[in-house]
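Every number here is computed from the coordinates shown, using simple stated rules; none is lab data. Bear in mind that the values here come from a model prediction, so they are computed numbers and not experimental data. As a convention, Cβ positions derive from the backbone with ideal geometry for all residues, glycine included, and neighbour counts pool all protein chains shown.
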Amino acid sequence: MTRIAVVIPHFRQTGFLAECLDSLLAQTRLPDDVILVDSSPEETGEIMARYASHTSATGLVPRVVHLITPAAGVAAARNAGLHATTCELVAFLDADNIAASDRIEWQLEVFESNPDIVLSHGPLVPIDRRGEGYSGIAAYASHNVPVEQQLGWLVARNRIATDTVCARRDLVVALGGFCETRGVREDYDLWLRMATQGRFHYVDAPLALYRRHETNLSNNEAYMFAWEAGALNRLEWPVIADALRTAYPNEAERAVIEGEVRLRRGEFGVAEMHFIGLARLPQATAALFHLAHLAMARGSLDYAESMLRRALNDDPDDAGLWNNLGVVLVRVGRVDAAADAFACAVDLRPHYRDAAANLDQILHPQEQMRGGPLRSAAWRVTRRRLRPQLIPMMAVAA
């Protein structure tokens, strides 16, 4: 019988931890091990006392292991968890998130029915810090691709949510686990290394609830971009180019993606020249979007505005274009026009966090800026093309 462990790194998320652990003890098929890798144990004693009976000695399932480690980062914590279990499968869940009630059952069935699969993942459902869902919002969705296209598909964009991943433990360990080098996005780096080792499988059902709150690392887009570049730069460009050719046989589509990968690797000059060439072609919306972002970064706001307006002529329903146009307009003091652009972005895409935050900053400047000048605020620029609209999905039982 295949055994499965869940590894939970914890650092100062005590307010959410019990809900996370309880979601695993309420599974339709219980995990065999739950490994809490705790880097702030001074906060968790009372919570962990509730699970003290779940030990190897009592035989209660799951076995709950409270592993105390120094605060050395999430990669080190997950690696410690990998080595604290002997289960064949290991799933990952952060301490502030919640597993869907049938997650373990879904993923165990996938692996037991498909011995060639090395990683399973699925959609997330976003919730707020109180655990409430966003009205009208649905789970982020992905899809399956042939194994020979996996690397190119992942290089183009990280499409795997770590809180939904379950993987074969022996392979993860053989590959060295998560990269603990600072400046590398450890989960993305591991998925890239696993992509050539076997088949990935996408479970088309929500597997976890992802809690959005002020301490999410994903709130710091500059950090995420820099560390994602660290992962991509561990691959040589010829390897990337070959993977993209395999995954994207359409030359026009691949040309845009190649420029985006150059940008995400931090090769800004190469990326800009690439997009300038693409901007001369029909249907150049993506190239214009990126040229505008690069121009905004160096303060060329008139050029950025012209690129965004050209793109909007081709695609007036792109919320990302409207948001970034709003940022340009507010930076040059055209606040009313900026508010209209942000409002348009929110109308096109409800729950679009960048545009909603920017619009709120205009509507409530004293609250956001504490009286500072509006044009110097920290406006949220959308740096990459938006994913397809969130799609309706079934309700998730937590």
- request: Treat the count of other C-beta atoms within 10 Å as a stand-in for reagent exposure and order HIS54, HIS10, HIS364 from fewest to most.
  value: HIS364, HIS54, HIS10
Value in Å of the Kirkwood radius, where region 237-376 supplies the Cα pairs that are averaged: 16.1 Å
field: C-alpha long axis of helix 251-264 to longest principal axis of the chain, angle in °
entry: 80 degrees
field: Shape category assigned to region 4-218 from the gyration tensor of Cα positions, a/c cut at 1.5
entry: rounded
query: Separation between the ALA337 and ARG130 pseudo-spin-labels, each 7 Å from Cα along Cα→Cβ, expressed in nm?
result: 3.9 nm
- request: Compute the relative contact order of region 237-376 as a whole-number percentage, counting only Cα pairs closer than 8 Å that sit 6 or more residues apart in sequence.
  value: 13 percent
Potential lengthening between ASN313 and GLU180 on full extension [0.36 nm per residue; Cα-Cα distance subtracted]: 43.4 nm
query: Counting other Cβ atoms within 10 Å of each Cβ, which GluC sites (Glu not before Pro) in region 68-145 have at most 14 and sit in a DSSP loop?
result: GLU132
- prompt: Can you give me the relative contact order of the chain as a percent, contacts being Cα pairs under 8 Å and 6 or more apart?
  reply: 15 percent
statement: Taking Cα atoms, the helix 335-348 axis meets the longest principal axis of the chain at an angle in degrees (rounded to 10) of 50 degrees
statement: Put in order of increasing Cβ neighbours within 10 Å, starting from the fewest, TRP153, TRP322 give TRP153, TRP322
- line: The extension gain from MET273 to ILE68, computed as 0.36 nm times the residue separation minus the Cα-Cα distance, is 68.8 nm
- prompt: Which value in deg cm²/dmol, rounded to the nearest 500, describes the helix-derived mean residue ellipticity at 222 nm for the chain, given -39,500 (n - 2.57) per DSSP H run of n ≥ 4 and division by the residue count?
  reply: -13500 deg cm²/dmol
message: Only sites in a loop by DSSP and with at most 14 other Cβ atoms within 10 Å count here; which trypsin sites (Lys or Arg not before Pro) in region 248-280 make the cut?
response: ARG280
message: 7 Å from Cα along Cα→Cβ at both ALA52 and HIS364: what's the point-to-point distance in nm?
response: 4.4 nm
query: Quick one: net charge of GLU305's neighbours, Cβ under 11 Å, K/R +1, D/E -1?
result: +3
- line: Convex hull around the C-alpha positions of the chain: the volume in Å³ per residue is 146 Å³
field: Least to most buried among TRP237, TRP379, TRP227 (fewest other Cβ within 10 Å first)
entry: TRP237, TRP227, TRP379
query: Can you give the % of DSSP beta bridges in region 1-137 that are antiparallel, to the nearest 5?
result: 5 percent
